[in-house]
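J.: To start, I am sharing the structure in question, which I have written as structure tokens.
The values are calculated or read from the model by the stated rules, or taken from the named source; none is laboratory data. It should be emphasised that the depicted structure is a prediction, and the values quoted were computed from it without experimental measurement. Because the Cβ atoms are built from the backbone with ideal geometry, glycine has one as well, and the counts that use them run over all protein chains shown.
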Amino acid sequence: MIEPKMKTINVEDYAVREHRSLWLDAWRRLTANRTAMIGLIVVAIFIFSATFAHFFWEYNPKSDLDYGAKLLPPQLIVSEEVPDIHIFGTDKLGRDIFRRVVHGGWNSLRVGLVAVGISLIAGGILGLLAGFFEGIDMNFYESLALMTLLGLGLGALPAWIAKQTFQIFLFAFLGAGSVLLNRFEDSRRLPRLIIFPLIGAVMGGIPGLFVAPLVGFVCGVLGLVIGYLLARPVAGGVFSNIVMRFMDVILSFPSYLLAIAIVAFLGPGLDKGMIAIGVVGIPIYARLARSAVLSVSQKEYVLAAQAVGESHGRILFRHIVPNILSPIIVQATMGLANAILSAAALGFLGLGAVPPEPEWGAMLGDSYKYLSSGAWWAVLFPGLAIMLSVLGFNLLGDGLRDALDPKIRV
Amino acid sequence: MGRYILRRLLSVIPTLIGVTLIIFIFQRLIPGDPAVAMLGEHATEENVARIREQFGLDRPAFLDRDALAEGDLTGFFDSQYTRYFSRLLHFDLGESIHKRIPVAETLSQRFPATIELSLLSMVIALLIGIPIGIASASRRNTALDGITMVGSLVGVSMPIFWLGIMEIMLFAVFLQWLPAGGRLSSGVNIESITNLYLLDSLLTGNIPGFIDAVKHIILPAIALSTIPAAIITRMTRSSMLDVLQEDYIRTASAKGLSERVVLFRHALKNAFLPVITIIGLQAGTLLAGAVLTETIFSWPGIGKWVYDSILGRDYPIVQGVTLLIALIFLLVNLAVDLSYVILDPRISYD
């Protein structure tokens with residue numbers, strides 16, 4: 001018979017166990033993960049060197065020119081013939097590649113942060129609201145706001161056609177009226193689906209008649225349809241549906257093809273690139289936030305918060321947002337990697353940073369035409385910088401996913 | 001099921017209209033007057049007005065409310081967008097600004113080159129991704145698994161344009177084993193049947209032509225397949241890991257089936273659904289990545305064409321190709337959705 005191993009358990013150890021927050025816990029798991037730490041270190045090096053260079057290592061790309069030092073290979077030791085060392089070599093204009101790679105990091109990180117910021121804020125808010133109102137019934141004021149906005153939006157069409165701005169407000173009142181009517185017990189007996197379209201037709205048609213008979217007719221028909229749509233207050237699911245269908249349209253383009261196309265039409269530039277990459281990323285965050293909110297909104301703690309009558313804003317920001325942060329943080333970290341990659345691709349195609357501004361992708365695009373001269377260093381180092389920084393963010397994101405949600409290990 | 005397929009097919013229509021709207025709006029993003037851009041700075045006002053009328057640029061963007069006020073109902077709907085849309089329904093993608101050749105005509109010549117490159121890249125990605133993903137999942141937490149995970153992350157982080165440049169540097173400039181670009185060496189001819197050179201040369205028994213075509217396609221195909229291969233590896237691995245924990249896998253192993261049978265017959269079949277979704281999504285990566293890869297390797301497909309057109313400000317081409325790629329992407333993902341119904345009888349719709 002085997003003796004069971006006995007372990008002495010000191011109950012007090014458990015009783016006085018220190019309090020550990022979720023974030024501290026996650027941080028410990030992250031630091032215990034070797035690959036994640038490598039990612040963190042790589043990211044830290046890039047952030048530090050780029051920031052340091054930007055503020056303390058002056059560089060003027062416009063005056064940086066030295067044809068005498070054209071296409072020099074990497075040199076580590078100072079000698080009589082080569083008084084200046086270029087550890088990454090020089091490019092076709094004699095510019096030190098190391099210096100440009102370090103300074104280029106500032107541009108890449110800036111693009112990444114701004115682009116992710118745009119997608120995160122716009123997509124996050126849209127997804128939060130869509131998920132929240134799909135999972136939780138709207139209250140009176142929210143319904144009022146939604147229907148008024150719907151009235152404003154739909155009314156804009158007949159108002160624009162008839163060149164009569166006040167029509168917008170008429171339809172907004174119609175939308176608000178539809179919600180207000182619900183407050184009266186007797187309203188159920190009203191044949192709304194007949195009354196509202198008729199009011200709508202009058203609102204659109206009569207003012208339109210003052211412009212021209214045909215305008216009156218078209219606006220009347222539009223008013224009829226809008227009245228029908230506004231007859232009953234719509235549920236939050238409709239709002240969610242409208243938002244998500246719109247996101248689907250953006251998602252039906254392969255992501256950075258859309259970014260390329262937007263910049264192609266807007267004209268090249270780092271700022272336009274940031275906006276394009278940011279806009280293209282919006283649906284990812286919207287979808288993520290919506291599905292996370294939906295999965296949380298039926299949890300007991302949210303139901304309990306509803307039961308004790310907490311306001312919707314409080315439920316959203318105190319109970320839901322903290323609980324959906326982790327997937328969003330992970331996505332944002334990976335999103336930074338993607339944004340840097342997309343920005344480099346745009347720069348490579350000549351659509352991002354405008355030369356001579358140092359930017360990794362643009363440096364590659366600049367130098368690869370001189371490949372046959374055998375200047376491997378001019379393309380190796382900028383590309384390596386792109387790959388390593390992207391890899392750093394990806395490793396970190398991967399580690400964060402494991403650290404923030406120990407249940408899921410992908 | 002029939003009803004589900006029909007509903008899913010119909011649901012593509014509003015998305016497609018949305019796509020045409022976005023592409024139409026692109027045109028309005030261009031700073032300056034397109035008619036002036038077409039004729040150059042020194043065009044006379046009459047010529048500009050003539051071009052504006054010829055291309056419908058004098059029409060309003062969506063609806064003409066002034067025509068309505070004058071009692072003209074058809075004029076109301078006669079706008080730039082409706083004209084654009086009705087041209088699309090006739091497969092008319094407009095004309096190249098510089099060469100005055102219909103976009104659709106050049107597209108049909110150039111598209112097979114992109115298809116050939118993308119298909120081969122996808123085949124490479126599948127041949128790498130699925131076996132490695134399976135091996136890594138079945139030997140979890142071993143050195144092989146670790147290398148796979150890090151390797152796939154490196155693959156996802158790879159700027160493919162840089163990889164392409166490094167390939168050219170190594171194999172074309174230094175070693176001089178393979179050509180740096182193009183689809184065929186000059187002097188080599190392949191009789192065109194499908195315009196997919198690999199297939200055509202085999203069909204006509206043109207072995208030297210086939211070898212030359214392979215030499216040209218191999219570098220761009222490897223560059224283009226990197227990211228899909230890495231993503232497919234990760235997806236196969238994680239999906240297999242999920243399935244391998246199921247009871248029926250333990251049962252199959254317990255009753256003494258060989259590891260190979262358990263892995264391939266029991267696990268892989270069930271792990272394949274999420275992998276298919278990812279494969280569908282990679283179609284977009286491939287087609288968008290073609291812009292970069294084709295540019296580097298001077299591959300005469302639609303990607304390089306778009307790049308040249310962006311530089312030449314030939315917007316109808318950019319619009320046409322973007323629309324085509326979005327359409328293909330939509331259809332591939334539709335096919336993926338529909339394949340679920342066939343692959344997994346447990347999924348029932350309606």
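J.: Please count how many residues of segment A:153-181 are in a helix (DSSP H, G or I) and within 14 Å of chain B (Cβ to nearest Cβ). Quick ask: steps written out before the conclusion?
T.: The first filter runs over segment A:153-181 and keeps only residues in a helix (DSSP H, G or I), leaving A:153-162, A:166-181.
Imposing the further condition that a residue be within 14 Å of chain B (Cβ to nearest Cβ) reduces the set to A:156-162, A:167.
Number of matching residues: 8.
J.: Taking the options B:SER185, B:SER225, B:SER201, name whichever one is of a type in the set (S, T, N, Q) and free of Cβ contacts under 8 Å to residues at least 24 places away in the same chain. First the steps, then the outcome.
T.: Working: B:SER185 fails: free of Cβ contacts under 8 Å to residues at least 24 places away in the same chain; B:SER225 fails: free of Cβ contacts under 8 Å to residues at least 24 places away in the same chain.
One residue alone meets the criteria, B:SER201.
J.: Does at least one position in segment B:231-250 carry a residue that is without any contact (Cβ under 8 Å) to a residue 12 or more places away in the chain, among the acidic types (Asp, Glu) and either part of a helix (DSSP H, G or I) or surrounded by 18 or more Cβ atoms within 10 Å (Cβ to Cβ) (or both)?
T.: Taking every residue of segment B:231-250 in turn, at least one turns out to be without any contact (Cβ under 8 Å) to a residue 12 or more places away in the chain, among the acidic types (Asp, Glu) and either part of a helix (DSSP H, G or I) or surrounded by 18 or more Cβ atoms within 10 Å (Cβ to Cβ) (or both).
J.: What do you reckon, is B:VAL12 touching a Leu at 6+ places or on another chain (Cβ under 9 Å) and either closer than 17 Å to B:LEU89 by Cα or within 14 Å of chain A (Cβ to nearest Cβ) (or both)?
T.: On the way: touching a Leu at 6+ places or on another chain (Cβ under 9 Å): yes; either closer than 17 Å to B:LEU89 by Cα or within 14 Å of chain A (Cβ to nearest Cβ) (or both): yes.
Answer is yes for this residue.
J.: Does segment B:129-163 hold any residues that are of a type in the set (Gly, Ala, Ser), facing chain A (nearest Cβ under 9 Å) and either closer than 15 Å to A:TRP376 by Cα or surrounded by fewer than 20 Cβ atoms within 10 Å (Cβ to Cβ) (or both), and which are they? Talk me through it step by step, then tell me what you get.
T.: From segment B:129-163, those of a type in the set (Gly, Ala, Ser) are B:129, B:133, B:135-138, B:143, B:146, B:151-152, B:155, B:157; that's our starting set.
From what is left, the residues that are facing chain A (nearest Cβ under 9 Å) are B:146, B:157.
Within segment B:129-163, just B:GLY146 meets the criteria.
J.: Test of understanding: among A:PHE196, A:PHE253, A:PHE239, A:PHE184, which residue is of a type in the set (Phe, Trp, Tyr) and either within 30 Å of A:GLY361 (Cβ to Cβ) or within 12 Å of another protein chain (Cβ to nearest Cβ) (or both)? Give the derivation first.
T.: On the way: A:PHE196 fails: either within 30 Å of A:GLY361 (Cβ to Cβ) or within 12 Å of another protein chain (Cβ to nearest Cβ) (or both); A:PHE239 fails: either within 30 Å of A:GLY361 (Cβ to Cβ) or within 12 Å of another protein chain (Cβ to nearest Cβ) (or both); A:PHE184 fails: either within 30 Å of A:GLY361 (Cβ to Cβ) or within 12 Å of another protein chain (Cβ to nearest Cβ) (or both).
When all the criteria are applied, what remains is A:PHE253.
J.: Any idea how many residues of segment A:209-232 are in contact with a Pro (Cβ under 7 Å, 6 or more places away or on another chain) and within 14 Å of chain B (Cβ to nearest Cβ)?
T.: 2
J.: Next question. From the residues in segment B:311-350 that are of a type in the set (Asp, Glu) and within 14 Å of B:TYR4 (Cβ to Cβ), which one is modelled with the highest pLDDT?
T.: Residue satisfying both the conditions and the ranking: B:ASP337.
J.: So which residues in segment B:43-79 are within 14 Å of chain A (Cβ to nearest Cβ), closer than 24 Å to B:ILE30 by Cα and touching a Pro at 6+ places or on another chain (Cβ under 8 Å), if there are any at all?
T.: Selection gives B:SER79 alone.
J.: Here's something else I'd like to know. For segment A:359-410, what are the residues that are facing chain B (nearest Cβ under 10 Å) and outside any helix (DSSP H, G or I)?
T.: Those that are facing chain B (nearest Cβ under 10 Å) and outside any helix (DSSP H, G or I): A:GLY374, A:ALA375, A:ILE408, A:ARG409, A:VAL410.
J.: Separate question: For segment A:23-63, what are the residues that are outside any loop (DSSP other than H, G, I, E, B), of a type in the set (S, T, N, Q) and under 22 Å from A:ILE97 (Cβ atoms)? Before you say what the answer is, go through the steps one by one.
T.: Taking segment A:23-63 as the starting set, the residues that turn out to be outside any loop (DSSP other than H, G, I, E, B) are A:23-32, A:34-56.
Next, from what is left, pick out any that are of a type in the set (S, T, N, Q): A:31, A:35, A:49, A:51.
Residues satisfying the conditions are A:SER49, A:THR51.
J.: When you scan segment B:34-53, how many residues do you find that are surrounded by fewer than 16 Cβ atoms within 10 Å (Cβ to Cβ) and modelled with pLDDT of 75 or more?
T.: So the answer is 8.
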